[in-house]
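Enquirer: Can you read through this structure? Questions will come right after.
The values are calculated or read from the model by the stated rules, or taken from the named source; none is laboratory data. Only a predicted model underlies this, so the values are computations on that prediction, with no experimental measurement involved. Using ideal geometry, Cβ is built from the backbone for each residue, glycine included, and neighbour counts are taken over all protein chains shown. Accessible surface areas use protein heavy atoms only, side chains included; no ligands, DNA or RNA. Shrake-Rupley method; radii C 1.70, N 1.55, O 1.52, S 1.80 Å.
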Amino acid sequence: MQPRPHSIALALVFLTAAPGCDWLDWHPGESSTSGGDGSDSDSDSDSDGGPPAPTCDLVDTIVPPATCLNGAVEPGELCFVIGSGATQPPNGVVSTIALPLDGSSGSDLLISHEDGTVSGLLFAAVPWLQTSGLSWPQSFSGGTLSLRAVGDFNEDGHLDVAAHIDGPTDSIQILLLDGAGNLVGESVALTGAELLGPDLFDADGDGHLDLVVIAPGELEDVIALRGDGTGQFEVSPQFGWSDAIERYAIGALQADGAVNDVVWALPAGELTILMAGPGDALFSEELGPDAEVLDLAVADLDGDGDGEIVALLTDTIHHTSEVAVLEFDAPSESFTDTRYPVGCGSVLLEIGDLDADGVLDLAAAAPGSPTGSVSIRRGDGQGGFAGLLTVGFGSDIDTLHIVDLNGDGLADLAGSSRADGSIDYSPNRP
């Protein structure tokens, strides 16, 4: 199939302060009144939420270097200097997921649409983000298709996609791709009255990719789909968890590297952490009575082989935003909790290496601000984050990706908005 030209709109974005935030100083890593104090204990607050929280309206401390303009990619550069681009497909946008579609360097975006169709937005390996499109002849009925997880499920050397169909009966759909952006096979791995996920999950350590699905209301509502390396999956209930809800993260919190530890966000600023293994270990962490968890991730921030929990929080009293980094200390069987402020109204969190220095960074998107913005904090390699760079982005995005779109060695920002029906992206260099 020949790629079709795709319409592109380029918008230069100028940032303004989000309403309702104070202009106060708060240095990364300091304690916060929303509950974290840099230790495993939680600070107290009075009935009105305690003293005023530090602001999340922060002055940028990361300045794009002059080398951004020399045409050569150098590790350590953050070069978001010219705004963002967007395209609006005529058939709307439900979800996006990032993966290489056409075999060239760099990643592309696969898009599910309101009418049940799926298309690809291909990014060329050139300095500017030039795009073309492809469309699948197949469409999906029975509900709204959301693209959720990427992996080589049939082990043919090409990445595939696991999706969720939200309808009268939910289903988990496996989409097998051919490495050129085309669908070559599909199957239904699970159906149920209500399903959440799927996400990648190491259920059995047999070398084949597995998935995890949560089925609220079921007796054993945490379900593994055990892959056999052919693209087929066996349904295997794992355990029941009465508080299993949509806001959760799967990752490797232990040195075994197995992606089978689960973190759930509960009401009133509480996390429940299940570390899988012999006997399993269950922990509860209070993030503060005024903290609401909006997004979660698990990532190895300090390169020591086990992961940290990264939680994006909002203070429900003062309406500030921050990221909590929880690191597990095995000897004491407790977590340390360190906070980093991000832009007001941040609701989406993504972890990735944005400056090609081998260290994970974070991006937190605040789509509700007047122009939309993303707060970037550079990882320090020790499990923390330093510096701030604010990047203009889509004003109503509901997904965020850190991904190298044009294959130049630097990760870019991409996302989508179902409300606006748009695909948004910002290049990490001119």
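Enquirer: Would you check if S132 is at pLDDT below 95 and either surrounded by fewer than 16 Cβ atoms within 10 Å (Cβ to Cβ) or of a type in the set (D, E) (or both)?
Expert: Criteria not met by S132.
Enquirer: Condition first: more than 27 Å from S417 (Cα to Cα), out of contact with any Lys or Arg (no Cβ under 6 Å at 6 or more places or on another chain) and not basic (K, R). Can you find one or more residues in the stretch 86-96 that meet it?
Expert: For the stretch 86-96, residues more than 27 Å from S417 (Cα to Cα), out of contact with any Lys or Arg (no Cβ under 6 Å at 6 or more places or on another chain) and not basic (K, R): absent.
Enquirer: Take V222 and tell me if it is of a type outside the set (G, A, S) and more than 22 Å from T169 (Cβ to Cβ).
Expert: Values: of a type outside the set (G, A, S): yes; more than 22 Å from T169 (Cβ to Cβ): no.
No.
Enquirer: So how many residues does the stretch 247-265 have that are under 24 Å from C344 (Cβ atoms) and either surrounded by 17 or more Cβ atoms within 10 Å (Cβ to Cβ) or in contact with a His (Cβ under 6 Å, 6 or more places away or on another chain) (or both)? Give the derivation first.
Expert: Here is the first cut: in the stretch 247-265, the residues under 24 Å from C344 (Cβ atoms) are 247, 249, 265.
Restricting the remaining residues to those that are either surrounded by 17 or more Cβ atoms within 10 Å (Cβ to Cβ) or in contact with a His (Cβ under 6 Å, 6 or more places away or on another chain) (or both) gives 249, 265.
Residues meeting the conditions: 2.
Enquirer: Any residue at all in the stretch 113-123 that is at pLDDT below 90 and farther than 30 Å from Y340 by Cβ?
Expert: yes
Enquirer: Could you tell me whether any residue of the stretch 128-150 is within 25 Å of I376 (Cα to Cα), among the small types (G, A, S) and within 24 Å of the chain's Cα centre (by Cα)?
Expert: The answer is yes, given that some residue of the stretch 128-150 is within 25 Å of I376 (Cα to Cα), among the small types (G, A, S) and within 24 Å of the chain's Cα centre (by Cα).
Enquirer: Look through the stretch 222-234, keep the residues that are touching a strand residue (DSSP E or B) at 6+ places or on another chain (Cβ under 6 Å) and more than 15 Å from N260 (Cβ to Cβ), and return whichever of them is surrounded by the fewest Cβ atoms within 10 Å (Cβ to Cβ).
Expert: Among residues in the stretch 222-234 that are touching a strand residue (DSSP E or B) at 6+ places or on another chain (Cβ under 6 Å) and more than 15 Å from N260 (Cβ to Cβ), the one surrounded by the fewest Cβ atoms within 10 Å (Cβ to Cβ) is E234.
Enquirer: Output yes when any residue across the stretch 223-232 is on the phi > 0 side of the Ramachandran plot and at pLDDT 95 or above, and no when none is.
Expert: Checked the stretch 223-232: at least one residue is on the phi > 0 side of the Ramachandran plot and at pLDDT 95 or above.
Enquirer: Kindly indicate the residue of the stretch 201-221 that is at negative phi and surrounded by fewer than 19 Cβ atoms within 10 Å (Cβ to Cβ) and also farthest from the chain's Cα centre (by Cα) among those meeting that condition.
Expert: Step one: filter the stretch 201-221 for residues at negative phi, giving 201-204, 206, 208-216, 218-221.
Adding the requirement that they be surrounded by fewer than 19 Cβ atoms within 10 Å (Cβ to Cβ) leaves 204, 206, 216, 218-220.
Details: D204: 25, D206: 26, P216: 22, E218: 27, L219: 29, E220: 26 Å.
Step by step, filter the stretch 201-221, then rank; the result is L219.
Enquirer: Please specify each residue of the stretch 222-252 satisfying the condition of being in a loop (DSSP other than H, G, I, E, B) and out of contact with any Leu (no Cβ under 9 Å at 6 or more places or on another chain).
Expert: If the condition is that a residue be in a loop (DSSP other than H, G, I, E, B) and out of contact with any Leu (no Cβ under 9 Å at 6 or more places or on another chain), then D228, T230, Q232, S242, A252 are the ones that fit.
Enquirer: Enumerate the pairs (first residue in the stretch 327-339 and closer than 23 Å to A291 by Cα and in contact (Cβ under 8 Å) with a residue 24 or more places away in the chain; second residue anywhere and part of a loop (DSSP other than H, G, I, E, B) and open to solvent by less than 60 Å² (accessible area, probe 1.4 Å)) with beta-carbon separation below 6 Å, excluding pairs fewer than 6 apart on the same chain, so at least 6 apart or on different chains.
Expert: Listed by first residue and then by second, the contacts come to E327/G383; T338/G29; T338/G38; R339/S32.
Enquirer: Restricting attention to the stretch 138-156, which residues are open to solvent by 10 Å² or more (accessible area, probe 1.4 Å), farther than 15 Å from V94 by Cα, of a type outside the set (V, I, T) and modelled with pLDDT of 95 or more?
Expert: Once the filter is applied, which keeps residues that are open to solvent by 10 Å² or more (accessible area, probe 1.4 Å), farther than 15 Å from V94 by Cα, of a type outside the set (V, I, T) and modelled with pLDDT of 95 or more, the stretch 138-156 yields D152, N154, E155, D156.
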